[in-house]
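All remarks here apply to the structure that follows.
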Amino acid sequence: MCMIYIKRIRDLREDHDKTQKQIAEILKTSQPMYARYERGANELPIRHLIALSKYYHVTSDYILGLSNKKT
């Protein structure tokens, strides 16, 4: 299973100077659950993938590692 999205969601969060807690609030989940996504302990739900794509203004393909183009 390709888990490039783990690195991408962490990098996007850090590039935007956001904490895990801030992103968890945007996703309406807990900080520990979001931390599990970044560690790869839980898979990122599609609804969160969509929300992160919209929030960071990047494509879901970019987050998933299917493309290196952000938009």
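The values are calculated or read from the model by the stated rules, or taken from the named source; none is laboratory data. A quick note: this is a predicted structure, and the numbers were derived from the prediction, not measured. Just so you know, the surface numbers come from the protein's heavy atoms only, side chains and all, with ligands and any DNA or RNA stripped out. Shrake-Rupley method; radii C 1.70, N 1.55, O 1.52, S 1.80 Å.
With contacts taken as Cα pairs under 8 Å at a separation of at least 6 residues, the chain carries a relative contact order of 32 percent.
With all protein chains in place and a 1.4 Å probe, the accessible surface of the chain carries 52 percent carbon and sulfur. Extension gain for the segment Ile26 to Lys7, taken as residue separation times 0.36 nm less the Cα-Cα distance, is 4.9 nm to one decimal.
Note on surface exposure: Arg36, Arg47 rank Arg47, Arg36 by accessible area, highest first, 1.4 Å probe. For region 1-64, the solvent-accessible area with a 1.4 angstrom probe is 61 square angstrom per residue.
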